[in-house]
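The values are calculated or read from the model by the stated rules, or taken from the named source; none is laboratory data. Everything quoted here is computed from the prediction, not taken from an experiment. FYI the Cβ positions are ideal-geometry reconstructions off the backbone, even for glycines, and counts take in every protein chain you see. For the accessible areas, the whole protein counts, side chains as well, though only heavy atoms, and no ligand, DNA or RNA atoms are used. Shrake-Rupley method; radii C 1.70, N 1.55, O 1.52, S 1.80 Å.
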Amino acid sequence: MKKIISALAVSALVFGSAAAKTSVNLNYRNGALLYQHTNNGEDDAANVKKSTFGSLNSYNGGQDTMSFKASGDILDFQLDVQPSIKNASGNDKLRFNVIKIGAKWGDFHVQSGWNGDGINGGYRVTNDASNHEGSLFETFKLGSAFKTSFSKYADNQICIPTIFSDRTFYGQADYTIKADDLKVNLKGTVISDRAWEASELSATEWNTGDKGWSIFADVALGKKFKTEAFVKGANVTAKKKGETAADSRMLLVPGLYFQWLGTENLIATVGGAATLYDGDLSDYSADLRVRYAVNDQLSITYYLKYSALDTDKFIGAKASGGSAYAANAAVDKNIGYGSTAFTTDAVLWNFINARYKMGPVLTVACSLGALTDLGDGKVATGKETANGTTIVLHPNAEFTAGKGASIICGLQASFQGLGADKDSSFGENTDVGFAIPVLFRVKM
């Protein structure tokens, strides 16, 4: 660890001689479930009751990222290192999560490199996510809620999920046009999955070398609003419903998001995305996100998502003779720890969070989320709303130990299968779960 920090410090000194601004940052996060209990509510032999104490690997396990950034009048550079990843042999191995270099000439900017975090236009409305991020706050990002959909994480400019796993190589050029308060930014990106020998890294680190592209147009009018329209594309292998074999198809992921900023203390994003194969719709989603600051202490955040598959032209996850890129009926995840993911063709996600800053040391919050199966039974069990609704309640408190350092602790209660069809896999009764998640984070 000390050698890495020393190397970054030396690099900062060297690059700093040619750059106007340099920085070295540390972002460490570690979480644990102090207690977790689940009870599936069955009255027969299928009954499952389980309690776990001090589970260190089940909730935002240890992650350490050191970032070096340097920028000048022309060049900019970024290197993010995560030192705690392990390879297939179980040995510690450095993970270079971001390596990029860019150059700018006036309003024209180019950048290229390797990125595992993605690049988006800031439409997600995560101001109050704090340290929770995707674990208990933003369970689903903008785009599809289905696990293998290409329009999942739709506004990521340099990645198409399922095709490009984890980190991607990319090259991006963008140009900005300005006229008074109007600003138009145009971005074009080429994307490539890296291809490694499977024996060198674990299976999750091995990718296939696929190619793709994206075009984004972002329009902003001062502090009133901003909007982005985009399309991402690649050639993929997939089959339609009723076909016996997969075929090569042109994949397109179009999307549009609009964010209103013109009302004091209010941020609102609305929009949607879709997946098309040779012009045929596979799945689509719509998102609404709103944050309102009531005053300097209290703020309310609300998310609404509807995501569905086109079951008339449903494209399966597997094709005859091999795997195929395609959306299937598995929802990416359920809300709440210990909850079973849905298998359906349509879901509705509601989430609301209230956050109150009591002082410089203590902030309290409470969130309520609901994921509802709106499927018509054409996939999975054949029963409408077979999964019912999962509801999760999460009151929590954040203690700020110092600048950039905080601890969050709370109680999570989840109730799965509310209103589910009694012939579904969840049985007649509701699955109940309780957990005490704790998360420690340091940023410097």
Subset of the range 408-444 that is in contact with an Asp or Glu (Cβ under 7 Å, 6 or more places away or on another chain) and in a strand (DSSP E or B) - its residue that is modelled with the lowest pLDDT
Gly417
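Can you tell which of Val125, Val184 is modelled with pLDDT of 85 or more, among the hydrophobic types (A, V, I, L, M, F, W, C), over 18 Å from Pro254 (Cα atoms) and not in a loop (DSSP other than H, G, I, E, B)? Please lay out each step first, then the result.
On the way: Val125 fails: not in a loop (DSSP other than H, G, I, E, B).
After applying the criteria, what remains is Val184.
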Can you pull out every residue in the range 240-281 that is open to solvent by less than 40 Å² (accessible area, probe 1.4 Å) and modelled with pLDDT under 85?
Ala246, Arg249, Tyr277, Asp280
Is the range 291-298 home to any residue that is within 18 Å of Ser151 (Cα to Cα), in a strand (DSSP E or B) and not aliphatic (A, V, I, L, M)?
no
Let me spell it out: the conditions are (1) of a type in the set (Ser, Thr, Tyr); (2) open to solvent by less than 20 Å² (accessible area, probe 1.4 Å); (3) part of a strand (DSSP E or B), and Ser192 meets all of them except one. Which number is the exception?
(2)
Do we find that Ala195 is out of contact with any helix residue (DSSP H, G or I) (no Cβ under 6 Å at 6 or more places or on another chain), of a type in the set (A, V, I, L, M), farther than 28 Å from Thr263 by Cβ and modelled with pLDDT under 70 in this structure?
yes
Quick one: which of Thr148, Thr208, Thr189 is modelled with pLDDT under 75 and among the hydroxyl-bearing types (Ser, Thr, Tyr)?
Thr208
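With the structure loaded, tell me whether Lys100 is in a loop (DSSP other than H, G, I, E, B) and among the basic types (Lys, Arg) or whether it fails that test. Spell out how you get there, then give the answer.
Working: in a loop (DSSP other than H, G, I, E, B): no; among the basic types (Lys, Arg): yes.
Here the answer is no, as Lys100 does not meet what is asked.
If I filter the range 75-94 for residues that are more than 18 Å from Ser23 (Cβ to Cβ), modelled with pLDDT of 90 or more and open to solvent by less than 40 Å² (accessible area, probe 1.4 Å), do I get at least one hit? Break it down stepwise before answering.
First, pick out the residues of the range 75-94 that are more than 18 Å from Ser23 (Cβ to Cβ): 83-94.
Then drop every residue that is not modelled with pLDDT of 90 or more, which leaves none.
The answer is no, given that none of the residues of the range 75-94 is more than 18 Å from Ser23 (Cβ to Cβ), modelled with pLDDT of 90 or more and open to solvent by less than 40 Å² (accessible area, probe 1.4 Å).
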Filtered residues of the range 141-158 (kept if in contact (Cβ under 8 Å) with a residue 60 or more places away in the chain, surrounded by fewer than 24 Cβ atoms within 10 Å (Cβ to Cβ) and within 20 Å of Val125 (Cα to Cα)):
Gln157
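Does the range 372-392 contain any residue that is assigned to a strand (DSSP E or B), open to solvent by 50 Å² or more (accessible area, probe 1.4 Å), out of contact with any helix residue (DSSP H, G or I) (no Cβ under 6 Å at 6 or more places or on another chain) and modelled with pLDDT under 95?
Going residue by residue through the range 372-392, those that are assigned to a strand (DSSP E or B) are 372-373, 389-392.
Restricting the remaining residues to those that are open to solvent by 50 Å² or more (accessible area, probe 1.4 Å) gives 391.
With the extra rule that they be out of contact with any helix residue (DSSP H, G or I) (no Cβ under 6 Å at 6 or more places or on another chain), the set shrinks to 391.
Okay, now just the ones that are also modelled with pLDDT under 95, so 391.
The answer is yes, given that some residue of the range 372-392 is assigned to a strand (DSSP E or B), open to solvent by 50 Å² or more (accessible area, probe 1.4 Å), out of contact with any helix residue (DSSP H, G or I) (no Cβ under 6 Å at 6 or more places or on another chain) and modelled with pLDDT under 95.
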Only residues in the range 96-117 that are farther than 27 Å from Lys178 by Cβ and open to solvent by 30 Å² or more (accessible area, probe 1.4 Å) count as the first member; pair them with residues that are in a loop (DSSP other than H, G, I, E, B) and of a type outside the set (S, T, N, Q), Cβ under 8 angstrom, at least 6 apart or cross-chain, and list the lot.
Trp114/Arg167; Trp114/Arg194
